[in-house]
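Participant: The structure's right below; bear with me while I get my questions together.
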Amino acid sequence: MKFQKLYKLGTIALVIATVALIATTAAVLTSNQIVPLNGTINAINVGVYSDSGCTQTVTALNVGTLDPGGTATQTVYIKNAGNIPETLTMAASSWNPSNATLSLTLTWNRQNTVLPAGQSIQAILTLTAASKLWINDNI
């Protein structure tokens, strides 16, 4: 009789330990890392603004936090202040840490758009994080 009780208690303890281990493993596997993001804008021959009237200059982007697999967007307005048409291109550089490009992608909806002199256009910047982030200062 004692053996059966001990066997049942052992079985119950094993089941509890298994459930606890599964819950802990699931928590580790589904945990998210939130990364604060911001950047600086350096524009050549055009102005970047936060308003459609092109009066509020934008010199930095701050998308806040971005979860793995998530996206963040920011709307800006690009104005050609020159006297010739400009072809709009964007390149992200100087990532910190440098391997952030393994997990983050910056795009926009105006790549190679020709912007006539004196004109402005709305642009949407999109930052996308991979579902698994590989950002580490030590890599």
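Participant: Does the stretch 96-114 hold any residues that are part of a helix (DSSP H, G or I) and under 14 Å from the mean Cα position of the chain (by Cα), and which are they?
Facilitator: Matches in the stretch 96-114: Asn99, Ala100, Thr101, Leu102.
Participant: If you go through the stretch 40-51, how many residues are more than 21 Å from the chain's Cα centre (by Cα) and polar (S, T, N, Q)?
Facilitator: Counting residues in the stretch 40-51 that are more than 21 Å from the chain's Cα centre (by Cα) and polar (S, T, N, Q) gives 1.
Participant: Filter the stretch 69-95 down to the residues that are over 18 Å from Cys54 (Cα atoms), assigned to a loop (DSSP other than H, G, I, E, B) and among the small types (Gly, Ala, Ser) and list them by number.
Facilitator: Gly69, Gly70, Ala91, Ala92, Ser93, Ser94
Participant: Inspect the stretch 54-61 for any residue being farther than 30 Å from Lys132 by Cβ and either in contact with a helix residue (DSSP H, G or I) (Cβ under 8 Å, 6 or more places away or on another chain) or assigned to a strand (DSSP E or B) (or both) and give the result as yes or no.
Facilitator: Yes, the stretch 54-61 has at least one match.
Participant: A further question follows. Scanning the stretch 115-130 for residues that are exposed (fewer than 14 other Cβ atoms within 10 Å of the Cβ) and assigned to a strand (DSSP E or B), which turns out modelled with the lowest pLDDT?
Facilitator: Among those residues, the one meeting the criterion is Ile124.
Participant: Give me the pairs: first residue in the stretch 107-134 and without any contact (Cβ under 8 Å) to a residue 24 or more places away in the chain and hydroxyl-bearing (Ser, Thr, Tyr), second residue assigned to a strand (DSSP E or B) and surrounded by 14 or more Cβ atoms within 10 Å (Cβ to Cβ), beta-carbon distance under 9 Å, and six or more apart or on different chains, which are they?
Facilitator: Pairs found: Thr107/Leu125; Thr107/Thr126; Thr107/Leu127; Thr107/Thr128.
Participant: Sticking with this one: Filter the stretch 52-91 for residues that are open to solvent by less than 40 Å² (accessible area, probe 1.4 Å), more than 16 Å from the chain's Cα centre (by Cα) and without any contact (Cβ under 8 Å) to a residue 40 or more places away in the chain and give the result.
Facilitator: Val58, Gly82
The values are calculated or read from the model by the stated rules, or taken from the named source; none is laboratory data. Remember, predicted model here, so these are calculated numbers, not experimental data. Please note: Cβ atoms are built from the backbone with ideal geometry, for glycine as well, and neighbour counts cover all protein chains shown. Each accessible area value is taken on the protein alone, full model and side chains, heavy atoms only, with ligands, DNA and RNA left out. Shrake-Rupley method; radii C 1.70, N 1.55, O 1.52, S 1.80 Å.
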